[in-house]
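One structure is given here, and the rest of the page talks about it.
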Number of protein chains: 4
Amino acid sequence: MPIRAVVWGENIHEQTNVVVRDLYPEGMHATIAAALGEDTAIEATTAVLQDAEHGLTAERLAKTDVLLWWGHAAHGAVDDAIVERVQKRVWEGMELIVLHSGHYSKIFKRLMGTPCSLKWREAGERERIWVVNRGHRIAQGLGESVELPNTEMYGEPFAVPEPLETVFISWFEGGEVFRSGMTFQRGAGRIFYFRPGHETYPIYHNAEVRQVLRNAVHWACNPAPAWTTVAEAPNVPVDEAKEPIVQKGPRLHADGEEGFR
Amino acid sequence: MPIRAVVWGENIHEQTNVVVRDLYPEGMHATIAAALGEDTAIEATTAVLQDAEHGLTAERLAKTDVLLWWGHAAHGAVDDAIVERVQKRVWEGMELIVLHSGHYSKIFKRLMGTPCSLKWREAGERERIWVVNRGHRIAQGLGESVELPNTEMYGEPFAVPEPLETVFISWFEGGEVFRSGMTFQRGAGRIFYFRPGHETYPIYHNAEVRQVLRNAVHWACNPAPAWTTVAEAPNVPVDEAKEPIVQKGPRLHADGEEGFR
Amino acid sequence: MPIRAVVWGENIHEQTNVVVRDLYPEGMHATIAAALGEDTAIEATTAVLQDAEHGLTAERLAKTDVLLWWGHAAHGAVDDAIVERVQKRVWEGMELIVLHSGHYSKIFKRLMGTPCSLKWREAGERERIWVVNRGHRIAQGLGESVELPNTEMYGEPFAVPEPLETVFISWFEGGEVFRSGMTFQRGAGRIFYFRPGHETYPIYHNAEVRQVLRNAVHWACNPAPAWTTVAEAPNVPVDEAKEPIVQKGPRLHADGEEGFR
Amino acid sequence: MPIRAVVWGENIHEQTNVVVRDLYPEGMHATIAAALGEDTAIEATTAVLQDAEHGLTAERLAKTDVLLWWGHAAHGAVDDAIVERVQKRVWEGMELIVLHSGHYSKIFKRLMGTPCSLKWREAGERERIWVVNRGHRIAQGLGESVELPNTEMYGEPFAVPEPLETVFISWFEGGEVFRSGMTFQRGAGRIFYFRPGHETYPIYHNAEVRQVLRNAVHWACNPAPAWTTVAEAPNVPVDEAKEPIVQKGPRLHADGEEGFR
C-alpha cells in the first residue's frame, strides 16, 4: 500500500504575487505533491487553506500517513479547531513535515512549545546545506552538501527545543548559519522541519530538494496503527492492578470517579 | 544573591478536604516553600490561584529565577493570559519545576506540545524512586533509591517528548513504572518534572523529597540575564549583513517591512 | 531485497550447561535467527565465537544490514581486531541490536563510551516490560506491556549515555526498574539495546520477544549505501574551498600534508 | 571552595614551531590556565604530556573537578593506561572540556564511541561562531556571535553522537559550517567540546574565547561526590531484594558468585 501523503498549502501568494504565480502556476502545494508523486510508493494529494475545514477533515486526517505543511502569510487564518485536530493526529502517529516559513505556523509552535523564532533576510543570497549525518534516511542520494543559488536567509538562534537529530545545517552568503533539517517526536508522531522553500525562488523545482521531500516521507512513515487513546489518562482500579494490592490510606477520588483535568 | 524561588499552589484541597488540610494546614505551597527555605541560598515565596493574577504579575515573574508549580483540581481555572506570561518567562530563562499532578497543567502541556497523559491509581501503594544518574545535581545526597510508603501511582506511557535527561524512574507496588524525574529545555528555560506529591499523603514532609526540591532549584537556576527578545523574528537588512552581499532576485517584502506571523 | 541480518552468538552455555542446551538445542543464535526468519522480508543467518574470525569477516560484514549480538561468558575472548571491524561497520551504517548480557560486550562498551554497568540478580523473578511509546516501530503489535514469568533481573543505574529514545522500561518483582529498550546512533549506524534474554529461561521462545526482534530489524535497517569514509578527516585545500578564499597567516601544515592523528 | 581545574597541554608545537612559541611563550596550557584564573572562583593548574604520568596521577585526578584537554600532534603518545584512568574519572563525575584538535584525542574518541572525524583547512580564514541558545550558561556574556579573524576551518560532518545540546555553530569564510560547541554526558561526567584553538593564531588570547572557557568550567562543575562504583555490576542477592521474593527456576550462577565480564 502506498504511503498516503497530504501536502497542505496556504495558496495565497500564488494567487496574489506574479513572481510566485509564474514559478508555481498551479500552486506550491501542487508542485510539492508532484515531487512526491515521482515515487510510486507515495500517493500524494493536496489541501489548501481555502478548502472547507482547510481540506483537513477528521476523515481525511484519519487516512493520512504524512502531512506536509507550507504556510507563510496567513498563519493566523488557520482555524484553531483544525490545528487541534492536526495536533491530535500527530500524537496518534501521523507524521508531520514542516516546510520553510511553516516554522511560524500554529501547528508547529504548538508542537514545539517554543516561540520558533529566527532571523531572516530576503536578499536572494546563496545557501549551502551541509549534510551532518550522511547515513540518515532523509539525506539519502545527496552529496556532502546541496547548493541553492538564491534563497531567503534564516539565521540562528532558531528557538526550538533540542531536536532528536540534526540532519542539515545551512551556510549563508551573508554570514549566518541555520539548523535546516531537524527531527522531533511528539507522542507517536515524528516531525521533520526542513528549511528551504521561499516562494519567490524556484526551490521546489530543485532536484535535490525534491529528493529530500521524498526521503522525508519515507523516513516519517510509520506503519503502526493510530494510538487513538494517547490523550487519555485512564484510572487503573485496585482490582485491575497487574500485581495484587490492597487499598491503603486516604483517597481523594471515589471508586470509578474520573480524574481532574 | 539568593536564588529567588516562587512556589505556586492551587490551594483548593487544603481548604476543602480534611485529610489534606490536616497534612498541610498552611497549604502545600507553604510546606514546599519551607523545604526550600532550609537552604539559605534559596529565598522562597508563595503564590496561589486565588491571588490577583494568581500571584504571578509580570513584575514578580521578572524577579523570579525558579517557579515551582503544583496544581490538580483546577487546571482549567488558570487564566490563559497568565499561562502565556509564564511560558514567555520560561523561554526567557526562568526555570520551571512541575510537581506531580502539574503534569496536566496548562503551562506544562503548552511547553511540552504533547498530551502529558498517563495512567493513575489512588491506592496508597508503595513507590520506589530509582536514581538513574547518581552524579546528577538533582540527585545529590540521595542513596540509590527513595522509598515512599504510600503514594498515588502514575504509570507509563507518560506522553511527553523524549527528555534531555531521565533522572529518576519509579517502581510501583501494583506493577507499573514511571519516569519520575525528567529534564527539558524550552528557549533559555530549563524544566524539571518531578512526580511525587499526592496531596492525601505527607509527601512534602519527606526529607528526601525535600532534598530533591532544593537540588532541583540549584540545578535549574541560571545566572544569565533574561533573553527578552527570544520570541522576536528580526529582519537583518542587506546592508547590516555580517558579510558584504548585494540584493539579488525578486522579493516579497519591501525594505523595512515586518515579516508575516 | 530482503534485509540481511546476522545473529551472532557466543555459543558456550548451549554446549556446557544442560539447562541452556535443553532450551536451545541448536544454540540461542539459531533460535533467534528462526524468529527473524518468520518474516519473509528478513534473511537471517548466524555466526558464532568459534567460527574463523568469529564468523565476521570483512566480506560478510560488508553484506550485513543488521547485526544482532548475544554474548555473556566470553566477552574477553572476542578478538579486538574483530571488534574494531564491527565498530567501523556500525559507523558506516550497519545497524546493531545488542541483546541482554551483550551490555557488557566489547562492541557495546566501545560504542557507548561508558561502563555499561548495571545491577543483576538471577532469581527467576517476574518482569513486566512497559511500552513507553506505543507508536514506536519497535513496539508494533505489542499491547501496553509484555510479561515474562521468569527472568534474570537487571536494575538501574544502567551506565549508558542518554539514549535517543527510551522505548521500554521494565518492572521487576524484586523491586527494581530498568530501561529495557533504548536507541542510540553512532555515525551512520543505529543501535538498539534490548534487555530480555537470559539463557536459563525460554525467553527467545516467547512470541512477543520474537516480535520485538523482528520489529527492531525493520526499525534498524537503513537502505543508505555504506558511508565508507566516515572515519577519514580530509583536508580541503584552499583552491577547492566552496567559496573563493586566499591563504592568510601562518600555517603548521605544508600543501598536501596529512593532518595529525 | 574554588573549582579545581587542570589544563592539560600537549606542549609540543610551543617548543618546536616559532610561530606557536611567539604566541604562547609559556605554552598554550599556561595561557588557558591564566584565562581561567581571571575568575577567582576557579583554581587552575597545568599538566603536560612530558610530565611523569602526563601530570595526571590518580591522586591528582581525584582532586580535579574539571579537566581541559588540548592535544594535536601527539595523540598517539598518550599512554593508554592514563587514558583509561581519565575516562574512569569522567564516569565518576570529573567534567571534561575538549578543545579544538582534541577532537582526535584518545580520550574523546573513547568517550564518544565514534570516529570524531571532520573536514579541515588551514587557510587563516574568518570564522563566526553563532550562539544557538543565548540563555545557556556556557554562552553567558557573549553577544549573538563571536568573530575570529583567522582560524583553521573544521567542517561538517563531525562524526560524534547526537549531543545533549548544541550551543554554538560556526560559519566559515570558505563555505563550511561546524557544530563548535556541544555538550555530552557519560556516567556522572559532563563533557563540553569547544572548537576554536588552532595554535598558529592567537585564539586563546581572545577575550570572548576566554569567557567561554570560564563559563564552561562553571557549567561543567558538579559538587556531587565521585561515583566511584560507576563501573561495578553488583549482584543483588535474593535475600537483599527490596521486595520479598523467592528463588525460582534454574540458575547459571551459584550463590555469591561474580558475574561474567
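Of everything in the stretch B:219-261, what is aliphatic (A, V, I, L, M) and over 30 Å from A:ARG21 (Cβ atoms)? Give them in sequence order.
B:ALA220, B:ALA224, B:ALA226, B:VAL230, B:ALA231 - these are the residues of the stretch B:219-261 that are aliphatic (A, V, I, L, M) and over 30 Å from A:ARG21 (Cβ atoms).
Report whether or not C:ASP51 is in contact with a helix residue (DSSP H, G or I) (Cβ under 9 Å, 6 or more places away or on another chain) and at pLDDT 95 or above.
For C:ASP51, the condition - in contact with a helix residue (DSSP H, G or I) (Cβ under 9 Å, 6 or more places away or on another chain) and at pLDDT 95 or above - is not met.
Give the number of residues within the stretch C:74-86 that are of a type in the set (Gly, Ala, Ser), part of a helix (DSSP H, G or I) and either within 17 Å of C:ALA52 (Cβ to Cβ) or touching a residue at least 40 places away in the same chain (Cβ under 8 Å) (or both).
Summing the residues that are of a type in the set (Gly, Ala, Ser), part of a helix (DSSP H, G or I) and either within 17 Å of C:ALA52 (Cβ to Cβ) or touching a residue at least 40 places away in the same chain (Cβ under 8 Å) (or both) in the stretch C:74-86 gives 2.
Go through A:ARG60, A:ARG89 for me and flag whichever is within 15 Å of the chain's Cα centre (by Cα) and in contact (Cβ under 8 Å) with a residue 12 or more places away in the chain.
A:ARG89
Conditions: (1) in a loop (DSSP other than H, G, I, E, B); (2) within 14 Å of chain B (Cβ to nearest Cβ); (3) of a type in the set (Gly, Ala, Ser); (4) buried (at least 20 other Cβ atoms within 10 Å of the Cβ). D:GLY197 meets all but one. Number of the miss?
(2)
Return yes when B:ALA62 is more than 14 Å from chain D (Cβ to nearest Cβ) and farther than 23 Å from B:SER117 by Cα and no when it is not.
In short, yes.
Of everything in the stretch D:124-154, what is among the aromatic types (Phe, Trp, Tyr) and more than 7 Å from every other protein chain (Cβ to nearest Cβ)? Give them in sequence order.
Listed by number, the list holds a single entry, D:TYR154.
Conditions tested, residue by residue: (1) within 26 Å of D:GLY249 (Cβ to Cβ); (2) within 9 Å of another protein chain (Cβ to nearest Cβ).
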{"position": "C:ASP79", "(1), (2)": "no, no"}
{"position": "C:GLN87", "(1), (2)": "no, yes"}
{"position": "C:TYR104", "(1), (2)": "yes, yes"}
{"position": "C:TYR193", "(1), (2)": "yes, no"}
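So which residues in the stretch D:94-152 are at pLDDT 95 or above, crowded, with 21+ Cβ neighbours inside 10 Å, among the small types (Gly, Ala, Ser) and in a loop (DSSP other than H, G, I, E, B), if there are any at all?
D:SER105, D:GLY113, D:SER117
Got a number for residues in the stretch C:153-181 being in a loop (DSSP other than H, G, I, E, B) and touching a helix residue (DSSP H, G or I) at 6+ places or on another chain (Cβ under 8 Å)?
5
Within the stretch B:210-261, restricting attention to residues that are β-branched (Val, Ile, Thr) and more than 7 Å from every other protein chain (Cβ to nearest Cβ), which residue is nearest to the chain's Cα centre (by Cα)?
It comes out as B:VAL217.
Whether any residue in the stretch B:213-220 is polar (S, T, N, Q) and surrounded by 20 or more Cβ atoms within 10 Å (Cβ to Cβ) is what I want to check.
yes
Just one of (1) part of a helix (DSSP H, G or I); (2) modelled with pLDDT of 95 or more; (3) of a type outside the set (A, V, I, L, M) trips up B:ASP239, so point out which.
Failing condition for B:ASP239: (2).
Suppose we filter the stretch B:163-218 for residues that are touching a residue at least 60 places away in the same chain (Cβ under 8 Å), of a type in the set (Phe, Trp, Tyr) and under 30 Å from B:ASP22 (Cβ atoms); how many remain?
6
All but one of (1) under 21 Å from the mean Cα position of the chain (by Cα); (2) closer than 30 Å to B:GLN247 by Cα; (3) crowded, with 23+ Cβ neighbours inside 10 Å hold for A:PHE172, so report the exception by its number.
All conditions are met except number (1).
So which residues in the stretch C:158-188 are within 10 Å of chain A (Cβ to nearest Cβ) and in contact with a strand residue (DSSP E or B) (Cβ under 6 Å, 6 or more places away or on another chain)?
Listed by number, the residues that qualify are C:LEU164, C:GLU165, C:TRP171, C:GLU173, C:THR183.
Quick one: what pairs do we get from the stretch A:112-129, first residue more than 30 Å from A:GLY187 (Cα to Cα) and in contact (Cβ under 8 Å) with a residue 40 or more places away in the chain, second of a type in the set (Val, Ile, Thr) and not in a helix (DSSP H, G or I), C-beta under 6 Å, 6+ apart or different chains?
A:ARG121/B:VAL236; A:ALA123/B:ILE245; A:GLU125/B:ILE245; A:GLU127/A:THR151
Conditions tested, residue by residue: (1) away from chain D (no Cβ under 14 Å); (2) in a strand (DSSP E or B); (3) under 22 Å from C:THR200 (Cβ atoms).
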{"residue": "C:ASN11", "(1), (2), (3)": "yes, no, yes"}
{"residue": "C:GLN15", "(1), (2), (3)": "no, no, yes"}
{"residue": "C:GLU26", "(1), (2), (3)": "yes, no, yes"}
{"residue": "C:ALA34", "(1), (2), (3)": "yes, no, yes"}
{"residue": "C:GLU43", "(1), (2), (3)": "yes, yes, no"}
{"residue": "C:ALA47", "(1), (2), (3)": "yes, yes, no"}
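The values are calculated or read from the model by the stated rules, or taken from the named source; none is laboratory data. Just so it is clear, the structure is predicted and the values come from calculations on it, not from any experiment. Glycine gets a Cβ as well: all are built from the backbone with ideal geometry, and neighbour counts include every protein chain shown.
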